[in-house]
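Here the structure comes first, spelled out in structure tokens, and everything after it is commentary.
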Amino acid sequence: YKTSQFNRSTQARRQPGSAFKPIVYLAGIESGLTSETKFIDSRTSVKGWTPKNYDGKYNGEMSLKQALARSINTIAVKVWEHAGRDNVIKTAKRLGSTAPLTPSPSLALGTSGISLMELTGAYAVFANGGQSIWPFGVVEIRNKRGKVIYRRQGNGAGQIIEPRHVRAMDIMLAEVIQSG
């Protein structure tokens, strides 16, 4: 701590990669898509940029649930475009991101930096039934005499994802574990 007070969990911003995709898919669900909505995994270009899947192959038609489970890049970008770039960024902000997110199509693949604490907080909203949380690392600090000099307070801003959208995300995230 004497050398550097930089806290890597709260201050470091790293590209989350595919861990950002549930935020993209939530924006898609909120724009009217469902976990069973079909997209075609195929070559696509946005402003001259062409995303590729990890294995370099295309898999044809699949549901959003399957696409998230298999981490299909082309479909994440198509969902990003369907939901709207600004809506995806607004969704990330609503889930607790304070990072400056670049509105380029590659954001759908997690190319803007975000802190571990912010990403953890976003996932916690899914696990918390759509209720926001304010992530924290310290509950309480006491001095040498045992007097409380800091105690964490506050829970969050309430319901920030509609229950039906939380259920859709639960289905999709469960599929990641079951078959992804």
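Things worth noting here:
- Counting only residues that are in a helix (DSSP H, G or I) and either surrounded by fewer than 18 Cβ atoms within 10 Å (Cβ to Cβ) or not basic (K, R) (or both), the stretch 45-78 holds 10 of them.
- Hits in the stretch 15-38 - residues which are touching a strand residue (DSSP E or B) at 6+ places or on another chain (Cβ under 7 Å) and open to solvent by 30 Å² or more (accessible area, probe 1.4 Å): E36, T37, K38
- Test for A122: is it buried (at least 21 other Cβ atoms within 10 Å of the Cβ), under 12 Å from the mean Cα position of the chain (by Cα) and under 16 Å from Q159 (Cβ atoms): yes
- Contact annotation: residue pairs with Cβ atoms under 7 Å, 6 or more positions apart or on different chains, pairing a residue in the stretch 46-73 that is of a type in the set (D, E, K, R) with a partner that is open to solvent by less than 30 Å² (accessible area, probe 1.4 Å) and in a loop (DSSP other than H, G, I, E, B), are K65/S35.
- Out of I149, I133, I171, one residue alone is under 16 Å from E30 (Cα atoms), hydrophobic (A, V, I, L, M, F, W, C) and open to solvent by 10 Å² or more (accessible area, probe 1.4 Å). It is I171.
The values are calculated or read from the model by the stated rules, or taken from the named source; none is laboratory data. As the structure is a prediction and not an experimental result, all values here were calculated from the model. Positions of Cβ are generated from backbone atoms using ideal geometry, with glycine treated the same way; all protein chains shown enter the neighbour counts. Heavy atoms of the whole protein, side chains included, go into the accessibility calculation; ligands, DNA and RNA do not. Shrake-Rupley method; radii C 1.70, N 1.55, O 1.52, S 1.80 Å.
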